[in-house]
Structure formats: C-alpha cells, structure tokens
C-alpha cells in the first residue's frame with residue numbers, strides 16, 4: 001500500500017515514474033557507451049599527432065638555440081606557431097595516414113626555408129646539421145651523451 005491507500009501494483013503514477021526512471025537509466029547507459037567510444041577515438045587521434053608535436057618542439061628548440069651562434073637570430077614563439085599552423089594548412093590534401101607524414105615533411109621544410117631567409121650564408125649549413133642531429137636525437141637514433 002502507498003501513502004494514498006492504493007496498492008503498489010495499481011498506482012499508475014508510481015508505475016509511470018518507475019518507467020520514466022528506467023528509460024532515463026537506459027538513455028544514460030547509451031550515452032555513457034557513446035562517450036566511451038568517442039573518448040577512445042580521441043585518444044587514438046591524439047596519439048597519432050604526438051610525433052608531430054615532438055618534432056615541432058624539437059625544431060623550435062633548434063631555433064631557440066640559434067642566438068648562441070649570433071645574437072641577431074631571435075625567433076618568437078608566436079612566429080613559430082603561425083609557421084606551424086601554415087604547415088598544417090598546406091598539408092591538408094593528404095589522406096589520414098599520409099597526412100601525418102605530410103605535416104611533418106611540410107613543417108620541417110617550412111622551418112628550414114623560413115629560417116634560412118634570416119641567416120647569414122655561413123650559418124645555413126649549421127642550421128641544417130642542427131636540425132638533422134636534433135631530430136635524430138628525438139627519434140632515438142643518436143645518443144645525446146655521445147653527441
């Protein structure tokens with residue numbers, strides 16, 4: 001018996017409330033499963049972009065070290081971010097697996113070309129060597145202790 005004096009099995013309001021709660025629970029479960037699948041896809045995509053981020057940061061720190069060679073060589077983070085965004089925009093044509101390689105290749109070439117425009121001729125070879133060595137170090141191909 002309920003507070004209203006109606007048997008539980010005959011209380012229409014109670015039955016409707018329980019049915020609504022059941023439907024809401026099922027909707028919540030479905031939403032949770034959808035969210036889980038979406039989060040898995042996001043994590044997979046994030047992991048695909050991680051090597052691009054590692055390479056971009058490596059190249060930035062190559063540029064960051066250039067004032068050691070000549071104090072005139074100063075590059076801002078805003079300039080580098082704009083260059084990186086342009087590299088992504090230029091590499092949009094490729095399909096997904098090749099897109100990651102295209103971004104990497106486009107950005108490396110853009111960093112080299114744009115930086116060479118500001119360097120003295122005698123420092124261009126040093127830049128290319130530093131880029132190669134630092135990228136190989138970040139890929140684990142060169143031991144930093146041996147360099």
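Since every read-out is calculated from the coordinates, none of them should be taken as a lab result. Everything numeric in this text was worked out from a predicted model, so none of it was measured. Ideal geometry is used to build each Cβ from the backbone, glycine not excepted, and the neighbour counts take in all protein chains shown.
Quick notes on this structure:
- Peptide ranges 39-45, 73-79 listed from the most packed, as the mean C-beta count within 10 angstrom indicates: 73-79, 39-45
- Approximate spin-label separation residue 101-residue 136, in nm, with each point projected 7 Å along Cα-to-Cβ: 2.1
- Comparing mean-square fluctuations of 23, 85, 47 from a GNM of the chain with C-alpha springs under 10 Å, the top value falls on 23.
- Helical content alone sets the calculated 222 nm signal of the chain at -25500 deg cm²/dmol, taking -39,500 (n - 2.57) per DSSP H segment of four or more residues and averaging over every residue.
- The GNM of the chain, with springs linking C-alpha atoms under 10 angstrom apart, assigns the highest mean-square fluctuation among 83, 127, 35 to 35.
- Between 89, 110, 102, the GNM of the chain built on Cα springs shorter than 10 angstrom shows 89 fluctuating the most.
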